[in-house]
Amino acid sequence: MVNITRIGRYVPRYRLRRSAIAGALSGVFPGQLEGDSGYRAVCASDEDATTLAVAAALDTVGMAGQAGSILLGAIAPTHSGRQDAAIVADVLAMASAEARDVIGMRAGTSALIQAIRDAQATGKTALALAVAHQRPLMQSPRALAAADTAIGMLVGTEPGLARYLGSCASTVDSPAQFQVGDRQVAYHWEERWSREVSVQLAESTVTRLLQSLQVNPSEIAMLVWPVTNGQAHRILANRIGISSECRFFGADVQGPDHGIASALIQLDHALSCAERDEKILLIDSGQGCEALLFVASGTADRPESAGATGAADEGIEVSYATYLRWAGLIDVDRGLRAEGESLVSLSLRHRHASFLARLQGGRCMHCATPQLPMSLVCVRCAAVRTQVPVSFATTTGTLRTWSADYLAASDAPPVLAGLIDFEGGGRLMMALTDCQVDEIHTGMRVKPAFRVRSRDPRGHTQYFWKAAPAAASPS
Amino acid sequence: MTTSIRDRVCIIGMGCSRFGERWECSTEDLIWEAFHEAAQAADVSPAELKYAWYATALEEQHIGKSGIPLALALRLRHAAVGFCAASGMEALRCASYAVAAGVCDIALALGCEKLKDTGFGGVPQSAAWGLSALYWPALTSPAAFAQLAHAYRARHGVDESLLREAMAYVSVKSHANGVANPKAHLRKTITAEQVLNAPPVAPPIGLLDCCGVSDGAACAIVCSPDAAKRRGITHPVTLKALSYAVSYGEEAQLQGWDGSHLPAVRNCAEKAYRMAGIDEPRSQIDLAQVHDCFSIAELVLLEDLMLCEEGRACQTVLAGRFDNHGAIPSQTDGGLKCFGHPISASGLRMVYELYQQLSLNAGDRQLQRRLRVGLAQSLGGLPHLCASGIAILGVSD
């Protein structure tokens, strides 16, 4: 018996107003956004699918968490050949975990199924992550709705939020969204045709699932299915015989589009209001269909997700031009200074992996002074080889000095940096992120966030920790 | 028993190239320009040099940093040519120690930098293969010194407008001095209003709060007092102190330092004054050249060097104490601000100005007063991780 035991979430802090997109693309979306005040959360310039996944994983299991496997679902690989899941495992110090990326239009749900099967087979916990790092091309219909986020679900044999009952899949090559190189392509066909095909596939897949589990359709209390047509749930429910009392999730086609993370996010919403023993049917469409059945445990002991606070935060509004620059959707001349960046030394990175990936420093056993990075000789008492590892990745700190640098090469000038004093000791000069110049002040509370530090000429992305305002950054 | 360097080494010749955008010059040309002036003054040929030290941050030969560019430029066939990282002041220290130790009678210290071939403003970022390349936030030097400004204001409760006014005063003063210096990079007077309205680089540092990034070379030929006497020099300029101090991690890793001053410079100054027998620097130093890479640096360094009361640099500077007619003229040659900052030449350039003033050879900018003791202070790195060198020079009676 496998349960969903924990759920974590990450929402970037930056916000893009839908009306700003429509305004920038005058004439492209006529009459669609009059009076619209909606926004979508978008990544900062130093975020990508990998950092989103790390943030959601930390929100789900924390730095001390363990899992037998990590399954990371994404529409396309962030770094072809270099698995995102392995980077997450490195940051979370899960060296013995099996880490695999799951790619495709319903990668989030596929990652969850794989995690469940891993947990069934090994008896260990497994972490499923679904990441939506979306960069729709200008004028694409998805440009108005696509939002960036990531969600994590830990599954295992311990009691949890919902019990997994079974799943069933169908496969058809009918891609509506894919990636060619760096370009994310929306290939949505005529909407009513798409709806009909989706409903037909879902009908056959769900029917097989319910028959195999010997569950009557009338027992379904919640139908979770991210769709692009708001009638799809009702049509499917009628065809299968699902009760009219059944609550639908994912039918709000005006809301943000969380891409391949949508199914798990909607499942999270359903679980947050599910009563004990209610059956939840999860459907995810794309190149076929996947259907999963859960039974809820009730919401009483549900742990609060720190990442959810990110969703509630008002965030920082960015212009559409800034977003396009950050998302790499337009070419930018970053100046000659930027081209001095050189290759990342893999041997050096490997040698210092605990510091670079996990923000691990040392604590001197002789004088108890925490310090970053760890060194052979203690900075305070000069004792030799007395330091034991200590992670600062979840330690809050205070900004001592800071500056806004308009000279440094950056995708998001000015470069913000400051000296951070960590709670309990330890200090490091760090880049600041997720904040604007006018909100920074000496004494500001910050906490570490795993972000892109640089990309070398061969495309290798170097990650490190930056300091984000403590109130806005998920733990 | 240890002894001081005091009066055991004389400077018998110094040279300095014109600093600036020397598009037509290679490193070799700049080295020759500086060396030629020093060699003529000291009546020394390259063949007489058995020891030489070279300082550079960026070298042109693509063989790594070493003394080789100097050996190539001057064809120092018989000399042991050492290398001293990015500090002309450190090259001077090596050459002086060799003379004081009796290893040689004459030694050369030369620093050179060719920065204008990068194609962009500011100093290039440091080498890419260290750990810092994988985690250091991409902030530049002005941004690091902007942090010094924020912390200084916070510690001493200095009003922002007062700090900006004093910073502007420092820049205006250096530009006025640079105009009188034919070797300076930036030779144009500016107004405080221009400084305050200049484009921001890293607030409160604006474009006109930053020093010139220049090509240039500077050198010193040093010898023992006996060797100077043999050459007929009766009142040589001698070294009264050479001190050096570096951060060991206290500022960057422990939480005590508030970022408002430079402990390594204070440490360096204390050692230098002790070496030179100076008890009251404010009355015993006649002339100072400090590492004014940014205007805020000059203000803070004057305090760290104990040349003005802590927390009162703005008021003291604005009162004219460091003007040419003030008690301790500083940056009389335009400083890093206007003479320019070819990194490894700057320490020796400062000593060059002291040498010229103490030898009464400063031409139009010669200070009209009795000058006995001058101080030059150079800095490497950033406020939270830095190295500081100080040379104190005097004229033998």
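Just want to confirm a number: the relative contact order over the range A:1-102, from Cα pairs under 8 angstrom separated by 6+ residues, in percent. Let's see the in-between values first.
Details: 128 pairs, mean separation 27.7, N = 102.
Reported as a whole number, the value is 27 percent.
Please give the FRET efficiency for A:Ala368 paired with B:Leu131, using the beta carbon to beta carbon distance and R0 = 22 Å, rounded to the nearest 0.05. Mind showing how you got there, number by number?
Numbers: r = 25 Å, r/R0 = 1.12.
Using R0 = 22 Å, I get an efficiency of 0.35.
Can you give me the C-alpha center-to-center distance between the range A:235-267 and the range B:1-54, rounded to a whole angstrom?
Each part's Cα centre sits 80 Å from the other's.
Stretch A:Glu317-A:Ala412 to full length: gain in nm at 0.36 nm per residue minus the Cα-Cα span? Please report the intermediate quantities before stating the final value.
Details: separation 95, 0.36 × 95 = 34.20 nm, distance 1.38 nm.
Extending this stretch completely gives an extra 32.8 nm.
Mind jotting down the distance between the C-alpha centroids of the range B:249-287 and the range A:146-211, whole Å?
67
Please tell me the relative contact order of chain B in percent, rounded to the nearest whole number, where contacts are Cα pairs under 8 Å and at least six residues apart. All intermediate terms of the calculation are to be shown ahead of the outcome.
Working: 930 pairs, mean separation 98.6, N = 397.
After rounding, I find 25 percent.
Could you give me D for the range B:100-168, from Stokes-Einstein at 37 °C and 0.692 mPa s, where the hydrodynamic radius is the Kirkwood radius over C-alpha pairs? Units µm² s⁻¹, please. Can you show the working numbers first?
Details: Rh = 16.7 Å.
It diffuses with D of about 197 µm²/s by this estimate.
Report, in deg cm²/dmol and to the nearest 500, the calculated mean residue ellipticity at 222 nm for the protein assembly as shown, where each DSSP H run with n ≥ 4 adds -39500 (n - 2.57) and the sum is divided by the residue count. Display every interim value, and only then the final one.
Details: 26 runs with 255 residues, N = 872.
Here the helix-only value at 222 nm equals -8500 deg cm²/dmol.
Separation between the A:Val437 and A:Ile330 pseudo-spin-labels, each 7 Å from Cα along Cα→Cβ, expressed in nm?
2.0
Suppose every Lys and Arg Cβ carries +1 and every Asp and Glu Cβ carries -1, with no other charges. What dipole size does the protein assembly as shown come out with about its Cα centre, to the nearest 20 debye?
1480
Between the alpha-carbon centers of the range B:340-397 and the range B:165-226, tell me the distance in whole angstrom.
14
In nm, what is the difference between 0.36 nm times the number of residues separating B:Glu250 and B:Glu193 and their Cα-Cα distance? Write down the numbers at each step before the final one.
Numbers: separation 57, 0.36 × 57 = 20.52 nm, distance 3.84 nm.
The B:Glu250-B:Glu193 span can extend by a further 16.7 nm.
At a 4.7 angstrom Cβ threshold, list every cysteine in chain A that has nobody to pair with, or say none.
A:Cys43, A:Cys168, A:Cys246, A:Cys273, A:Cys289, A:Cys435
How about B:Lys65: which lysines have a C-alpha closer than 20 Å to its C-alpha, ignoring those fewer than 8 places off in the same chain?
Partners within reach: B:Lys114, B:Lys116.
So how long is each side of the protein assembly as shown along the principal axes, counting just the alpha-carbon atoms, biggest first, in Å?
Here the spans come out as 113, 60, 51 Å, largest first.
For the range A:345-456, state what percent of all Cα-Cα pairs lands in each successive 10 Å bin, counting from 0 Å until the bin that includes the largest distance.
Distribution as computed: 13, 39, 34, 13, 1 percent.
Straight-line reach only, C-alpha to C-alpha below 25 angstrom: list the lysines that A:Lys447 could link to, leaving out same-chain residues fewer than 8 apart.
A:Lys466
Taking 7 Å along the Cα-to-C-beta vector as the label spot, tell me the B:Arg75-A:Arg276 distance in nanometres, rounded to one decimal.
9.8
From the square roots a ≥ b ≥ c of the eigenvalues of the alpha-carbon gyration tensor of the range B:162-282, which class results: rounded (a/c under 1.5), prolate (a/b over b/c), or oblate?
It is oblate, given that a/c is not under 1.5 and a/b is not larger than b/c.
What is chain A's relative contact order, in percent, from Cα pairs under 8 angstrom and six or more apart in sequence?
Values: 1128 pairs, mean separation 77.2, N = 475.
16 percent.
Using Cα positions and a limit of under 16 Å, work out the lysines in reach of B:Lys173, with same-chain residues fewer than 8 apart set aside.
B:Lys188, B:Lys337
Give the calculated FRET efficiency between A:Leu343 and B:Asp258 to the nearest 0.05, with a Förster radius of 35 Å applied to their Cβ-Cβ distance.
Numbers: r = 37 Å, r/R0 = 1.07.
Given R0 = 35 Å and the Cβ-Cβ separation, E is 0.40.
Express the C-alpha Rg of the range B:316-374 as a ratio against the empirical globular expectation 2.2 N^0.38 Å, rounded to two decimals. Spell out each step's value before the answer.
Working: Rg = 11.7 Å, N = 59, 2.2 N^0.38 = 10.4 Å.
It is 1.13.
Tell me the label-point distance for the pair A:Val185, B:Trp23, using the 7 Å Cα-to-Cβ offset, in nm and rounded to one decimal.
Placing both labels 7 Å beyond Cα along the Cβ direction yields 4.8 nm.
Just rank A:Trp225, B:Trp53, fewest to most, by other beta-carbon atoms within 10 angstrom. Kindly include the intermediate steps, with their values, before the conclusion.
Details: A:Trp225 26, B:Trp53 29.
Going from sparsest to densest Cβ surroundings: A:Trp225, B:Trp53.
Per-residue counts of other Cβ atoms within 10 Å, averaged by peptide: what ranking do you get for B:170-176, B:308-314, B:231-237, highest first? Let's see the in-between values first.
Values: B:170-176: 24.6, B:308-314: 18.6, B:231-237: 15.1.
Peptide ranking by packing, descending: B:170-176, B:308-314, B:231-237.
No value in this document is a laboratory result; all are computed from the given coordinates. In this text the structure is predicted, and so the values were computed from the model without any measurement. FYI the Cβ positions are ideal-geometry reconstructions off the backbone, even for glycines, and counts take in every protein chain you see.
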